[in-house]
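Here is the structure we will look at.
The values are calculated or read from the model by the stated rules, or taken from the named source; none is laboratory data. None of the values given here were measured: they were computed from a predicted structure. Virtual Cβ from ideal backbone geometry, glycine too; neighbours counted across all protein chains shown.
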């Protein structure tokens, strides 16, 4: 009689494999293949044997996947009832390998822990502001992973800058990787944005974190040009802002998040007053002449004619020209936006919160035309930026803004041509205590 064959089970239990090798009197059904049903297969249940299994290899999951997607608890058609039954069959404390834990992203958990305990406390000043970043924003981020990535990026940067003498390369790398991932996931979201208030709040908060990350990164890159760094930071904020324009950027509703990061000038009825130093800058630019072709001696004898006829303004801008009338319009509009930003912050009174959203307001409002003029280092664009640096000076104690005012002003002083120093009198007095 020919030898009977059986089908080997590579994933079967140890008992079934043993019985196929060494037969005993009880092995009447030894040629039956293990049906691989855990925790007790059919053969072991019938023979009342201890059913033991080889360990299963857990699925390979990257640390980033642990954040980007929920951990898979069970595979195939396993249900909650399967999990309960399997755990009960294995005895107290038994967790079947099928339902093993997902890998822990320890580095990311450490960053989240640091953000909730430390970094979030240094973003806002009042108690309710700090609690908002510590609690409300983090809870919102669990449903919007691009925001969670932004939180981890800022946390890593905060942890790195806390070590004043040395910036650990591994933390800086983690910060950059998480922020790149945040922007990547945000671009995916752009393809189909859910029309919900929570989504737009999350997008707005990402803009705030981009500002914090952009301003804070300059401390770790001492050789960077502060003007270029500002242009880069403003560009990132504006890229996020474009999504909000048709929706809630200027009209966020009053909820925990929008109150926390109150950016909108139109959200609150704020009296816009004319800040004297900003008004003087506006008047000087309004009084500047356009470049003119060579004139005859007779016409030159008449003297310069200014737009408002003010001798003092004519004297302060003598020999200085504005390139085109279109540039003048761009400058004046940008100055008006800056004046409103000063009004918004100062109208909060002595107990005003320093919401990072307010710092986003002016960079977010910059037009493409002004950004082009600034990137070309046009003198008046640099002058306006120097006035914005005064706003940064008011928040010198902030970890991500510390030193920005002086670095920005130093770079502007080096880039500005002779004759325009008169425009820098107020910024230099506020930032350096220098009177010119």
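Annotations
- Residue tally, condition under 16 Å from residue 221 (Cβ atoms) and in a helix (DSSP H, G or I), over the range 159-173: 6
- Residue count for the range 370-389, restricted to those that are in a helix (DSSP H, G or I), touching a residue at least 60 places away in the same chain (Cβ under 8 Å) and surrounded by fewer than 21 Cβ atoms within 10 Å (Cβ to Cβ): 2
- Inter-residue pairs, beta-carbon under 9 Å, first closer than 26 Å to residue 215 by Cβ and assigned by TED's automatic domain parsing to the domain that holds residue 152 and in the range 176-202, second exposed (fewer than 11 other Cβ atoms within 10 Å of the Cβ) and at pLDDT below 95, 6+ apart: none
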